[in-house]
Amino acid sequence: MTRILAVDDSPSMRQMVGVTLKSAGYEVLEACDGREALNIAKEQPPVDLVITDVNMPNMDGLTLVRELRLLPHYRGVPLLVLTTEASPQKKLEGKAAGATGWVVKPFSPDRLLATIARIVT
């Protein structure tokens, strides 16, 4: 079963993403910020995909992407950014950090699942 780590400081957003992913048959782990997500990444077997928000307390999503890319077992894991940030500059920062893709909130569950299907093999 494909395991996905969903990272967002908003409990309602984590729930919405979680329900969407679980209904499609994915196993979902959740983290409330980048620091918690990084701890999960270091302590558990690697997930198949990380979906992260950008603006979070303690550690933002772009820092999380950079930190995950430093871990040997996360170098090839797709990292998807799900955020309200839509500026070309932020998207370039995300790509430079190592993000695989960028989805702008509010998201359509079908579009999110289609994006995931394209990047998770």
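Only the coordinates and a few stated rules stand behind these numbers; no lab work does. The structure presented is a predicted model; accordingly, all values stated were derived computationally and were not measured. Reconstructed Cβ throughout: ideal geometry from the backbone, glycine too, with neighbour counts over all protein chains shown.
Has region 20-28 got at least one residue that is among the small types (Gly, Ala, Ser), under 21 Å from residue 108 (Cα atoms) and not in a helix (DSSP H, G or I)? Scanning region 20-28, I find at least one residue that is among the small types (Gly, Ala, Ser), under 21 Å from residue 108 (Cα atoms) and not in a helix (DSSP H, G or I), so the answer is yes.
Out of curiosity, is residue 54 in contact with a helix residue (DSSP H, G or I) (Cβ under 6 Å, 6 or more places away or on another chain) and β-branched (Val, Ile, Thr)? In short, yes.
Could you tell me which residue of region 29-62 is surrounded by the fewest Cβ atoms within 10 Å (Cβ to Cβ), considering only residues that are among the hydrophobic types (A, V, I, L, M, F, W, C) and assigned to a loop (DSSP other than H, G, I, E, B)?
Initially, region 29-62 is screened for residues among the hydrophobic types (A, V, I, L, M, F, W, C), giving 29, 31-32, 37-38, 40-41, 47, 49-51, 54, 56, 59, 62.
Right, trim to assigned to a loop (DSSP other than H, G, I, E, B) and you get 32, 47, 54, 56, 59.
Working: 32: 17, 47: 23, 54: 22, 56: 23, 59: 19.
Among residues in region 29-62 that are among the hydrophobic types (A, V, I, L, M, F, W, C) and assigned to a loop (DSSP other than H, G, I, E, B), the one surrounded by the fewest Cβ atoms within 10 Å (Cβ to Cβ) is 32.
Only one entry in 104, 65 is in contact (Cβ under 8 Å) with a residue 12 or more places away in the chain and over 17 Å from residue 42 (Cβ atoms), namely 104.
Cβ-Cβ distances below 7 Å connect the following pairs, each with a first residue in region 1-19 that is closer than 13 Å to residue 51 by Cα, a second residue that is part of a strand (DSSP E or B) and hydroxyl-bearing (Ser, Thr, Tyr), and a separation of six or more residues or different chains: 7/52. For region 63-93, filtered to residues that are in a loop (DSSP other than H, G, I, E, B) and aliphatic (A, V, I, L, M), the residue that is surrounded by the fewest Cβ atoms within 10 Å (Cβ to Cβ) is 86. Checked against the criterion of being touching a residue at least 40 places away in the same chain (Cβ under 8 Å), touching a helix residue (DSSP H, G or I) at 6+ places or on another chain (Cβ under 7 Å) and on the phi < 0 side of the Ramachandran plot, region 37-49 has at least one qualifying residue.
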